[in-house]
Amino acid sequence: MSPAAALVSAALALLAGSLILALFRLLRGPSLPDRAVALDLIGLIVAGLAGVFAVTSGEDVLLDVLLVLALFVFLGTVAAARYVEHGGRP
Amino acid sequence: MIGLTAAALLAAGAAFLFLAALGLVRLPDLYNRMHAVSKAASLGLGLILLGVAMHFGTAEVALKAAAVIVFLLLSNPVAAYLLARAALRTGVPPAPGTRFGEDAPECRRRDGDDESVTDPRE
Amino acid sequence: MRWVRKLWFAAVFIGFYLWEVVASSLRVAADIVRPRPRISPGFIMVPLEARTDLEILLVTNLISFTPGTFSVQLSPDNRQLCVHTMYAADADALARSIRRNLERRVLEVLR
């Protein structure tokens, strides 16, 4: 295995590990904003995975996936903040 | 074939995202967790994007990567600000031992309870 | 001449800010991996000199982007900013350093 391939595998392993950690915080809570932050991070990790897959597969279309994910994560956090501020009612 | 520099950038970015996730699990309260997530995560994604741009090396990909990085730099502080303010106003408890400065009640005041608003009964 | 000065201030500011981001990133990262994080979280009030919307936006966003501090809420009259920090052991020194270093440099570039 070439050093570059090893580094990419390490990146995938780290991202998988961080997904599990973020999922733990998403399930555990305890408060609504905690879960919103966990979801925010999960979105960014998935965007990072899309970036790594774009490199391994050589498909630059995956970069568009990354772009859209980054945009939606921001929208999701803003929506969650409004939801929290209105006392859990939309 | 993946270049060594690009692979190293991807691994460094993934390491920052992992650090953010570790902070999310380990730090004591919401406000501290947001420190870990809002900065380390956008830094990590930025490094991954640099790696992607370096791997493809075309202007189109580089432009898209730059657009995402700029958007992250703009959106992350705003999202953190909104969420922290909402949490503080709805009374998400800070960790025990959190200090409040002298004018800290100001931190909890809502725009609505400005004293300048006169009571209609007076 | 004005533009040359501003450009110089902008360059100094960018150097200062990058250094600040790197240094405090390392500090926060060390506290995340340390078995018992050595943090003393707290909320502090920072009086603002920035007046226009652009100045306030830049100052609050730059504070938020430095690891270890982020802005939580502006007072209704836009004169004071509530900042949450992971290192509030010396709150006054931190507030002073935000005003003297970060805010003053931003205003030097903008005004």
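The values are calculated or read from the model by the stated rules, or taken from the named source; none is laboratory data. Predicted model, so just to flag it, every value in this text is computed and none were measured. Every residue, glycine among them, receives a Cβ derived from its backbone with ideal geometry; neighbour counts consider all protein chains shown.
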Checklist entry - Can you find even one residue in segment A:39-61 that is touching a Lys or Arg at 6+ places or on another chain (Cβ under 7 Å) and under 24 Å from residue B:77 (Cβ atoms)? => result no
Next on the checklist: Just checking, does segment C:42-60 include any residue being among the hydroxyl-bearing types (Ser, Thr, Tyr), at pLDDT 85 or above and within 30 Å of residue B:27 (Cα to Cα)?
Outcome noted: yes
Next on the checklist: Residues that are closer than 22 Å to residue B:7 by Cβ and more than 9 Å from every other protein chain (Cβ to nearest Cβ): does segment A:36-44 have at least one?
Outcome noted: no
Next on the checklist: Looking at segment B:90-97, can you tell me whether even one residue there is farther than 19 Å from residue C:63 by Cα, within 7 Å of another protein chain (Cβ to nearest Cβ) and of a type in the set (A, V, I, L, M, F, W, C)?
Outcome noted: yes
Checklist entry - Name the residues in segment A:50-90 that are within 26 Å of residue B:6 (Cα to Cα), among the acidic types (Asp, Glu) and outside any loop (DSSP other than H, G, I, E, B), would you? => result A:64
Checklist entry - Can you name every residue in segment B:12-33 that is of a type in the set (Phe, Trp, Tyr) and modelled with pLDDT of 90 or more? => result B:16, B:18
Checklist entry - Condition test on residue C:97, is it touching a helix residue (DSSP H, G or I) at 6+ places or on another chain (Cβ under 9 Å), free of Cβ contacts under 8 Å to residues at least 24 places away in the same chain and over 21 Å from residue C:32 (Cβ atoms)? => result no
Checklist entry - Quick one: which helices (runs of 4 or more DSSP H) sit completely within segment B:1-89 and have at least 1 residues that are of a type in the set (Gly, Ala, Ser) and surrounded by 21 or more Cβ atoms within 10 Å (Cβ to Cβ)? => result B:4-26, B:41-56, B:59-89
Item to check | Answer residue from segment A:10-27, given it is without any contact (Cβ under 8 Å) to a residue 12 or more places away in the chain and surrounded by 15 or more Cβ atoms within 10 Å (Cβ to Cβ) and is nearest to residue A:37 (Cα to Cα) among those | outcome: A:21
Item to check | Scope segment C:56-93; condition within 22 Å of residue C:32 (Cα to Cα) and charged (D, E, K, R); matching residues | outcome: C:90
Next on the checklist: Just to be sure before I move on: is residue B:40 at the interface with chain C (Cβ under 10 Å from one of its Cβ atoms), touching a Gly at 6+ places or on another chain (Cβ under 8 Å) and within 20 Å of residue A:78 (Cβ to Cβ) in the structure I sent?
Outcome noted: no
